[in-house]
């Protein structure tokens, strides 16, 4: 366990180091004319709304504040851009001529992507490609891919996906259910008349409109819960696709069970089981992770998020707020079982404070 925790603590510094090295390559490729970054005016954002929460302030929030700002782009982006002769690669790079365009690509490029154009193996007359910043987890899929598809309307040509993403089971499941024809990009291909779906929300800052669009495309009608019901989404026994982290599953499961609540192990819960669990979800407790996106079909009144000191972002704070939840508590699991038990009891009794 100590080795795992040490590895977890190393991940953030290593990621920062890799990004610094990649920044050098991006500068060099931009100077040479082979890379076009997203322009500063296309990335500028402004505060839309301030969201407050109870409980602990994650270490990542400066000054221990109990609020986060919902940001929106200052200049709203188009839902879609038409691009002629777009070359896309297995790594998600999108090229026009000899230049990689970040605003069409599936992540900010590092050296591998900048060198990835390769020989075009096939030419298609038309197709769709999705610009994204991340493509690693189920949360990325829900936020950046299904969200873009939800806003796009009818998809009348093949959807092209980076090879690794297209192989993920939940991607295959969702696109099959939506009857969307997709092609895994195993070798570089050219799309003569491409439509690139742009990311319109800042990072993971879900809005009520994003929630409504996802519910529409997935044909989800939210259900109301039983009064007093408690549901815990436990990551016990589950690994992460992007980080090593641990949560105080046993102590939380014990408290929830003693109060007559329900525990769902996220690693073995099906989509149908998530939907049926709506009736038990007046209060939702969850370990920070993508499983929370399955709450699209629920109407919770209270949210409690358990976080790891080494890995947190405000995605689920934004998600809960967008679903209309204004009673949100964050608990730092790394402060020990006694702390978790005390904070969770206060939250469930309605006595939590900022």
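Read-outs: derived from the displayed coordinates by stated rules, not from any lab. Everything quoted here is computed from the prediction, not taken from an experiment. With ideal geometry, Cβ positions are generated from the backbone for all residues, glycine too; neighbour counts draw on all protein chains shown.
Some values worked out for this structure:
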quantity: Packing-based exposure ordering (other Cβ within 10 Å, fewest first) of 172, 301, 54; calculated: 172, 301, 54
quantity: Area projected by the alpha carbon convex hull of the chain, averaged over all directions, nm²; calculated: 17.7
quantity: Stretchable slack from residue 349 to residue 268, in nm (0.36 nm times residue separation minus alpha-carbon distance); calculated: 26.2 nm
quantity: Segment 23-55-segment 306-354 distance, computed between alpha-carbon centres (Å); calculated: 29
quantity: Rule-of-thumb Rg ratio for segment 78-199 [Cα; 2.2 N^0.38 Å; N residues]; calculated: 0.94
quantity: 238, 305, 250 arranged by Cβ crowding within 10 Å, fewest neighbours leading; calculated: 250, 238, 305
quantity: Normalised contact order of segment 272-354, rounded percent, pairs of Cα under 8 Å and 6 or more residues apart; calculated: 25
quantity: Cα-based Kirkwood hydrodynamic radius, segment 250-354, one decimal, Å; calculated: 14.1
quantity: Over the chain, relative contact order from alpha-carbon pairs under 8 Å, at least 6 apart, %; calculated: 19
quantity: Taking the C-alpha atoms of segment 202-290, convex hull volume expressed per residue in Å³; calculated: 123
quantity: CD proxy at 222 nm, helix term only [per DSSP H run n ≥ 4: -39500 (n - 2.57); per residue of the chain; nearest 500]; calculated: -8500 deg cm²/dmol
quantity: Rg/Rg_globular for segment 161-318, with Rg_globular taken as 2.2 N^0.38 Å and Rg from C-alpha atoms; calculated: 1.18
quantity: Simple spin-label estimate for residue 44 and residue 24 in nanometres, 7 Å along Cα-Cβ; calculated: 3.2
quantity: Residues listed by number, segment 175-195, amide nitrogen under 12 Å from residue 82 label point at 7 Å toward C-beta; calculated: 193-195
quantity: Order of 339, 202 under a 10 Å beta carbon neighbour criterion, fewest first; calculated: 339, 202
quantity: Taking only Cα atoms of segment 308-354, radius of gyration then Dmax in Å; calculated: 11.8, 31
